[in-house]
Structures are given as C-alpha cells and as structure tokens.
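J.: Have a look at this one.
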Amino acid sequence: MSIEYQDARERLVAEQAVALLRAVEKSMHAAPEGQGLARMEATLMEKGRTHLAEVLKLAIEGHPEAQKGGRTQKRVRVGRRCDSKATPPRR
C-alpha cells in the first residue's frame, strides 16, 4: 500500500503510528508467559496517549483559527432560553 501524504505532518503521524505498533508488539514479545495482553495494553495506553496528543497538536497547529477559538458556523445567542412548550412531552 502506498500513501500520498499531503504534507510533513501527515508523514510524521503515519511514522508515529508504525512506531506505536512496533512498541506494542515488542512489549508482547518481551512479556512473561500469560502477561502479553496486559503488557500490550499498558504500552498502548502509555504511548498511544502520547501519539494521540501529538496528532491533536499537529491538527490544531494546522488551523490557527482553532487556537483562537475561531468563528462558529452559526451564530449562537447567549442568554436565550429554550421554549419547552414547543416540544410535546414524552410518554
């Protein structure tokens, strides 16, 4: 399979995902008998969260408006209460 990356960020995320897979597999092979799955899960939780945080950081860096709060797609009115009479009660 060949992937065409749009930019260096995508290539970095893909390389990090492969590194994560390799770390999980390595922890499985190094685990004592009967502890393979537990060690794999521990590695995934530790290194996977780091990977996801990096993906989030890269995604945010690619969209400066996200850092500033950006504009919403739709105007939001503050202080307006919903009319509960408009929706029929559930039975």
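No lab work stands behind these numbers, since they all come straight from the coordinates. What you are looking at is a predicted structure, and each value in this text was computed from that prediction instead of being measured. Please note: Cβ atoms are built from the backbone with ideal geometry, for glycine as well, and neighbour counts cover all protein chains shown.
J.: Would you please state the base-10 log of I(q)/I(0) at q = 0.15 1/Å for the stretch 8-65, with intensities from the Debye formula using one equal scatterer on every alpha carbon?
T.: Listed by q, the Debye log ratios stand at -0.49.
J.: Summing +1 for each Lys or Arg and -1 for each Asp or Glu, what net charge is found among the other residues whose Cβ lies under 15 Å from the Cβ of Arg49?
T.: -1
J.: Oh, and also: Summing +1 for each Lys or Arg and -1 for each Asp or Glu, what net charge is found among the other residues whose Cβ lies under 11 Å from the Cβ of Tyr5?
T.: Once all neighbours under 11 Å are counted, the net charge is -2.
J.: Using Cα-Cα distances under 8 Å and only pairs 6 or more residues apart, what relative contact order does the stretch 8-65 have, in percent?
T.: Across the stretch 8-65, relative contact order equals 35 percent.
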